[in-house]
1. Using a probe radius of 1.4 Å on heavy atoms only, what accessible surface per residue do you get for the range 28-173? Whole Å² is fine.
2. About the Cα centre of the range 104-189, what is the dipole size in debye to 20, counting +1 per Lys and Arg Cβ and -1 per Asp and Glu Cβ, all else neutral?
3. Given charges of +1 on the Cβ of Lys and Arg and -1 on the Cβ of Asp and Glu, with all other atoms neutral, how large is the dipole of the range 60-102 about its Cα centre, in debye to the nearest 20?
4. Using 24 Å as the Cα-Cα cut-off, could you pick out the over-long pairs in LYS178/LYS199; LYS37/LYS191; LYS174/LYS199?
5. I want to check the label-to-label distance for VAL156 and VAL187. Put each point 7 Å from Cα in the C-beta direction and report it in nm to one decimal.
6. Name the GluC sites (Glu not before Pro) in the range 107-206 that are in a loop by DSSP and that have at most 12 other C-beta atoms within 10 Å, would you?
7. Let me check the size of the range 97-168 from its C-alpha atoms; what are the radius of gyration and Dmax in Å?
8. May I ask you to list the lysines whose Cα is less than 16 Å away from that of LYS172, ignoring any residue fewer than eight positions away on the same chain?
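The values are calculated or read from the model by the stated rules, or taken from the named source; none is laboratory data. All values reported here derive from a predicted model rather than from experimental measurement. Note that each Cβ is placed from the backbone with ideal geometry, even for glycine, and that neighbours are counted across all protein chains shown. Just the protein is used for accessible areas: all its heavy atoms, side chains included, with ligands, DNA and RNA removed. Shrake-Rupley method; radii C 1.70, N 1.55, O 1.52, S 1.80 Å.
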Amino acid sequence: MKIIIGLIACFASTFSFGQVALAMPEYNVVYRGYDNKFEIGAGADTRFIVLESTQAEVFRGDSCFYVRPTGPEKTITLTMKNLKENKVLKTYEYRVLNLPVPSVYIGNALEGTTVVTLDQELVRVGYEETTVIQSAGFEVISYEVNSVSIEKPLGVINGTRITQEVMDALTKAKAANKGKQITFNLVVQAKGKDGLIRKRTAAFIY
C-alpha cells in the first residue's frame with residue numbers, strides 16, 4: 001500500500017552514512033496523519049536501506065519513504081537500517097504535530113479577500129502554495145453562508161458547489177447595499193486524511 005498525499009520540503013543535505021543520505025523534513029517535525037516524505041540520497045544501492053518505526057506507518061516510494069504518525073505520541077523514533085549488512089545506520093527522533101489550520105477558498109479566492117464571481121465556484125479547504133505542506137486531502141463535507149446583509153438565513157449546504165440560492169442571496173444583499181461590497185462568513189466543515197473533521201469560519205468580501 002502506498003499513499004502519496006503531498007510533499008514536504010526537505011533540507012538540501014543532511015547526514016550520510018555508508019554512502020547513503022537521508023533528507024529530513026524541515027524543523028525536525030513530522031505531521032500526524034500525513035505522509036511525510038523522507039528522501040534517500042543516491043550514491044549506494046538503496047534497495048537494502050529501510051526506515052522503521054514502532055510509532056508510525058512507513059511506506060516505501062521511489063527513492064524515498066513516507067512516514068505517517070498515527071498515534072498520540074509527541075515524538076517518534078525512526079531507525080535507518082542496512083538489511084544487506086544487518087546493521088543500524090542511524091536513529092532519528094522527530095517532534096509530532098497535528099496538521100496546521102488550513103485555509104478556506106471559494107474558487108481561487110483565499111479567505112479574507114474579494115470573491116469576483118460565485119458562478120460555478122467550489123468551496124475548498126487546503127494550504128497556500130507557499131506553505132511547506134502542499135496538500136493534505138481535505139474533503140469539504142458542508143458549508144453555510146452567514147451575513148448580516150442577507151435578509152433570510154440560509155441553511156447548511158452539503159457538498160462543495162456554490163448553489164444558486166447562495167448566489168441569489170448574496171447578489172440581492174449587494175443590490176440592497178446600493179451595489180457596494182458586502183462581507184459574509186463561510187462556515188465550513190472539512191475532513192482531513194488524518195480522520196479529523198475541522199470546522200472553519202472564514203470571512204469573504206463580495
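1. For the range 28-173, the solvent-accessible area averages 53 Å² per residue.
2. 360 debye
3. With Lys and Arg at +1 and Asp and Glu at -1, about 100 debye.
4. As for pairs spanning more than 24 Å Cα to Cα, those are LYS178/LYS199; LYS174/LYS199.
5. 0.9 nm
6. Working: sites: GLU111, GLU121, GLU128, GLU129, GLU139, GLU144, GLU151, GLU165; in loops: GLU111, GLU121, GLU128, GLU129, GLU151.
For GluC sites (Glu not before Pro) across the range 107-206 that sit outside H, G, I, E and B with at most 12 neighbouring Cβ atoms in 10 Å, the list reads GLU128, GLU129, GLU151.
7. Expressed in Å, the Cα Rg and Dmax of the range 97-168 come to 13.5, 42.
8. The qualifying lysines are LYS152, LYS180.
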